[in-house]
Amino acid sequence: MAINGKHECLNEWTINNYPIRLSLKDFNIPNLEIIKFEDIATKRVQGNNLRYECADYRFPMVVAKNVQNPYNKKYRLIDGKNRLHKLKRMGIQSGLFFVISEDEFMKVFNKTKCRIEGINYGDN
C-alpha cells in the first residue's frame, strides 16, 4: 500500500541528529493496529488551523514502532498529526494506525540519507 505525504525529522525530531525529510510512499506499510494515543509521540498542532479543521479522522494515521523520538514513547507519529489531535479533543483515546517497523523506518531513512549524500545504498 502506498501513502502520500512527507515526514520531517527536524530539530528535536531528528534521527541520530541528522535532519531529513522522508517520503511516505517509500515505506512498505503492511498492517493496521488500534493504538492508544498516550503511547504515541506527536508534534504539536498550532491552534485550530485550516489543516486541523479539514482533517478527516476516518482515515488511519501512520506510526513507526520503537523509533527514536523526543518523548521516548513506543510509537512515533509519521502521518496524521491533525487527525490525532482532533480525535483527542473529541475525547477519543485510541485510533487505527498503519504501523511501520523500526527496521523498515531505518531502511528508508538510510536510503534517503545516502541519496542526499550521493552514496550508493546498494539496492537502489
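Considering region 67-105, the residues that are touching a residue at least 60 places away in the same chain (Cβ under 8 Å) and surrounded by fewer than 17 Cβ atoms within 10 Å (Cβ to Cβ) include one that is farthest from residue 30 (Cα to Cα), namely 94.
Just one of the listed residues (53, 38) is over 19 Å from residue 103 (Cα atoms) and surrounded by fewer than 10 Cβ atoms within 10 Å (Cβ to Cβ), and it is 53. Within region 26-35, the set of residues being modelled with pLDDT of 90 or more and surrounded by 11 or more Cβ atoms within 10 Å (Cβ to Cβ) comprises 26, 27, 32, 33, 35. Across region 83-118, the qualifying residues are those that are among the basic types (Lys, Arg) and closer than 23 Å to residue 38 by Cα, and the one among them that is modelled with the highest pLDDT is 88. Quick one: is residue 50 under 19 Å from residue 83 (Cα atoms), of a type in the set (A, V, I, L, M) and in contact with an Asp or Glu (Cβ under 9 Å, 6 or more places away or on another chain)? No; evaluated as a whole, the condition is false for this residue. Scan region 37-54 residue by residue and report those that are under 14 Å from residue 89 (Cα atoms) and either under 16 Å from the mean Cα position of the chain (by Cα) or in a helix (DSSP H, G or I) (or both). Listed by number, the residues that qualify are 37, 38, 44, 45, 52, 53.
Filtering 48, 16 for residues that are modelled with pLDDT under 85 and not small (Gly, Ala, Ser) leaves a single hit, 48. Output yes when any residue across region 79-100 is touching a helix residue (DSSP H, G or I) at 6+ places or on another chain (Cβ under 7 Å), under 22 Å from residue 15 (Cα atoms) and in a loop (DSSP other than H, G, I, E, B), and no when none is. No, because not a single residue in region 79-100 is touching a helix residue (DSSP H, G or I) at 6+ places or on another chain (Cβ under 7 Å), under 22 Å from residue 15 (Cα atoms) and in a loop (DSSP other than H, G, I, E, B). Find the residue count for region 1-18, including only residues that are assigned to a loop (DSSP other than H, G, I, E, B), surrounded by 11 or more Cβ atoms within 10 Å (Cβ to Cβ) and either touching a helix residue (DSSP H, G or I) at 6+ places or on another chain (Cβ under 8 Å) or touching a residue at least 24 places away in the same chain (Cβ under 8 Å) (or both). Number of matching residues: 2. Among the residues making up region 35-58, those that are aliphatic (A, V, I, L, M) and in contact with a helix residue (DSSP H, G or I) (Cβ under 6 Å, 6 or more places away or on another chain) are 45, 55. The single condition among (1) at pLDDT 95 or above; (2) part of a loop (DSSP other than H, G, I, E, B); (3) among the basic types (Lys, Arg) that residue 58 does not satisfy is (1).
The values are calculated or read from the model by the stated rules, or taken from the named source; none is laboratory data. This one's a predicted model, so the numbers in the text were calculated from it and none came from an experiment. Here the Cβ is made from the backbone with ideal geometry for all residues, glycine too, and neighbour counts use every protein chain on show.
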